[in-house]
1. Between residue 28 and residue 75, take the C-beta separation as r, use R0 = 30 Å, and let me know the FRET efficiency to the nearest 0.05.
2. Checking the a/c ratio against 1.5 first, then a/b against b/c, what shape does the Cα gyration tensor give for the stretch 29-70?
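Values quoted throughout were computed directly from the atomic coordinates according to the rules given, and no laboratory measurement underlies them. Only a predicted model underlies this, so the values are computations on that prediction, with no experimental measurement involved. Counting neighbours? That spans all protein chains shown, and the Cβs are built from the backbone with ideal geometry, glycine included.
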């Protein structure tokens, strides 16, 4: 990669990424549900040490869980068509199995 190529890359700053993040519906849905669950838990009361322990364990395992989901599900590649005839193995296979219509050229 040359210096000229690097200079044409668009750099994304953290405030830019945050702006994109908050314009999506998922963060708002998650925040609303988390606030509702927290309000319900505060309303019920009867806090114990195990409540903090469960929260700590969940926070500790979250990165590991995300990584396992990412690697095992998102990067999973089926071994041929033995898994399902509807799962293509490559982009070339997708191109070969897509129906062609007259006028779609």
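1. Details: r = 29 Å, r/R0 = 0.96.
Given R0 = 30 Å and the Cβ-Cβ separation, E is 0.55.
2. Working: a/c = 5.11, a/b = 1.47, b/c = 3.49.
Verdict is oblate for the stretch 29-70.
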